[in-house]
Amino acid sequence: MIRGFLWLIWSGTVEMSKRDNRILAMYAVLFVMTIASAVALNNISAMLILTALIAVILGIVHFLRDIFPYRKKREFFNRVFEEINLKADSGVPYFLSKNEESRFITSYSFKTYLPLKMWLAKQDHLEMHMNEKIVDIKQNSSSKNIVNVYVANNPLPNHINWNGTYSNKSNILNIGVSYYGIIGLNLEKTPHAFVAGETGSGKSNILKCLIEQALYHGHEVVLIDFKRGVSFSGFSDKVAVYYDYKSIIAVLKDMVSETVERLDTFRDFGVDNFKDYNKIADDHLPRKIIFIDELAELLKTRDKELSSILYDSIETLTRLCQAVGIHLIMGIQRPDSTIISGQIKNNVSYRICGRFVDKEPSRIMLGTDIANTLPNIKGRFIIKDDDLYEVQSFFFYKEKVAPQRKRERTEDIEKIEPILTEEIEENIRTELEAIMPKEQKKEAGIFDFSEFKK
């Protein structure tokens, strides 16, 4: 009885004061009043009784609000772990705490000596007993014998309008909201990214949102799009669009050359990355971001020499641009291992993947079938960074502007070797001559040069 009374006083004073500074301030006031009573009235018994009564009441509140629910949770999890046979020789995992990580997710922490793979194998059973969706199960970063189970307490919204307040740091391009909060692409950590998704998934919307942020932060943007930038017409007055092989090869070669120049400059200045160079140099280098929509279409050309130039340029950029402030963000409708080389994929670790009906594209992008299980919600993606995150991407809307398409730079087009153009034309002419009858050639304006040779 006495121990219980003393425990209530301890809980109502020390434990509650730790939780709320206002309670600590209240006890400070009571202490001052007690001293004043002792001096003025030579009687402190009334103030001591009042203080003890308040401490007991707060101790009861602490027990009912904090201690009792934890005991009930511990009893619940002990029973569940016994039923699903998630236990070691030392017993079942010990429930430690419950924490609200965000408005979407709550974490439950357990002390355990069971490997993480055993927890993951029992995830479905845990979900059924808890009657909640488990978002993830992870080991604590600071202690391997603590496992955190993350449970969704609210579903992700199906629609989130983009606004400028989501754009904070210049090196981070935000994509959407995950259960853990806003998530984005950190260009200093992962300079390149893939955005994969079927038609209607919201892939182009993500690219537009990233372009908007890049322009807002003053980065230089280049857009490669065979659809002539139709989906990105809202940026037509600010972004150079490249949509034919001549100009695309020119701009990629130009970026490779600039990458080499920047690396040479860094060496001369004794720095090894873009950020450190801009700290000491007078002429700050801008970030340059190359957006490629439908990468697979770009790489599908039948011309072997043209294909080789494209592959070499993109592979060189993904390999060398880790620290020079030049980035590639590549959209792809359906990832195909026969089109995108392993070297390009290995150098682009950041993946944004929408829902796919079959499992193979998800495995290519994420190494798992998880994208196949995404809800059929436009804008819902899985992001692969250090971990896998389910994300609702921001919906980006930009007012239409008057047509003012920015044309390709003619000086870049002139950089293409003339022999490359001649070879492409020769290949086309040869293929047409092989498949078209003589009469159709004349109607199409294609002459049979063999007649003149005779």
Inset, instruction - Six or more apart or on different chains, Cβ under 8 Å: which pairs go from a residue in segment 316-331 that's among the polar types (S, T, N, Q) to one that's at pLDDT below 90? Could you list them? - result: Thr318/Gln343; Thr318/Ile344; Thr318/Asn347
Inset, instruction - Could you run through segment 197-231 and say how many residues are out of contact with any Asp or Glu (no Cβ under 7 Å at 6 or more places or on another chain) and among the aromatic types (Phe, Trp, Tyr)? - result: 1
Legend entry - Test: Asn148 is in contact (Cβ under 8 Å) with a residue 40 or more places away in the chain and not in a strand (DSSP E or B): no
Legend entry - The listed residue being assigned by TED's automatic domain parsing to the domain that holds Lys275, surrounded by 12 or more Cβ atoms within 10 Å (Cβ to Cβ), among the polar types (S, T, N, Q) and touching a residue at least 60 places away in the same chain (Cβ under 8 Å), out of Ser178, Ser167: Ser178
Legend entry - All positions within segment 363-381 that are charged (D, E, K, R) and either touching a residue at least 60 places away in the same chain (Cβ under 8 Å) or touching a helix residue (DSSP H, G or I) at 6+ places or on another chain (Cβ under 8 Å) (or both): Asp369, Lys378, Arg380
Legend entry - Single unsatisfied condition, Leu215 versus (1) surrounded by fewer than 20 Cβ atoms within 10 Å (Cβ to Cβ); (2) over 28 Å from Ser308 (Cβ atoms); (3) in contact (Cβ under 8 Å) with a residue 40 or more places away in the chain: (3)
Legend entry - Odd one out for Asn145 among (1) farther than 16 Å from Tyr389 by Cα; (2) in contact with a helix residue (DSSP H, G or I) (Cβ under 7 Å, 6 or more places away or on another chain); (3) surrounded by fewer than 17 Cβ atoms within 10 Å (Cβ to Cβ): (2)
Inset, instruction - Please find, within segment 256-274, the residue that is farthest from Leu295 (Cα to Cα) out of those that are in a helix (DSSP H, G or I) and either of a type in the set (A, V, I, L, M, F, W, C) or modelled with pLDDT under 90 (or both). - result: Phe269
Inset, instruction - Starting from residues that are small (Gly, Ala, Ser) and in contact with a strand residue (DSSP E or B) (Cβ under 9 Å, 6 or more places away or on another chain), keep the ones in segment 81-103 and report whichever is modelled with the highest pLDDT. - result: Ser97
Legend entry - Hits in segment 295-344 (condition: modelled with pLDDT of 85 or more and either in a strand (DSSP E or B) or among the basic types (Lys, Arg) (or both)): Arg319, Ile326, His327, Leu328, Ile329, Met330, Gly331, Ile332
Inset, instruction - Among residues belonging to segment 121-137 that are farther than 15 Å from Leu86 by Cβ and in contact (Cβ under 8 Å) with a residue 24 or more places away in the chain, point out the one that is surrounded by the fewest Cβ atoms within 10 Å (Cβ to Cβ). - result: Asp136
Legend entry - Residue ID - modelled with the lowest pLDDT, chosen from residues in segment 227-237 that are surrounded by fewer than 16 Cβ atoms within 10 Å (Cβ to Cβ) and either farther than 15 Å from Tyr397 by Cα or outside the structural domain of Glu212 (by TED's automatic domain parsing) (or both): Arg228
Legend entry - Considering residues of segment 89-120 that are of a type in the set (Gly, Ala, Ser) and more than 30 Å from Gly176 (Cβ to Cβ) only, the residue surrounded by the most Cβ atoms within 10 Å (Cβ to Cβ): Gly91
Inset, instruction - Taking the residues in segment 313-357 that are of a type in the set (A, V, I, L, M) and within 24 Å of Val271 (Cβ to Cβ) as candidates, determine which candidate is nearest to the chain's Cα centre (by Cα). - result: Leu328
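The values are calculated or read from the model by the stated rules, or taken from the named source; none is laboratory data. The shown structure was predicted, so the numbers you read here are calculated from the model rather than taken from an experiment. As a convention, Cβ positions derive from the backbone with ideal geometry for all residues, glycine included, and neighbour counts pool all protein chains shown.
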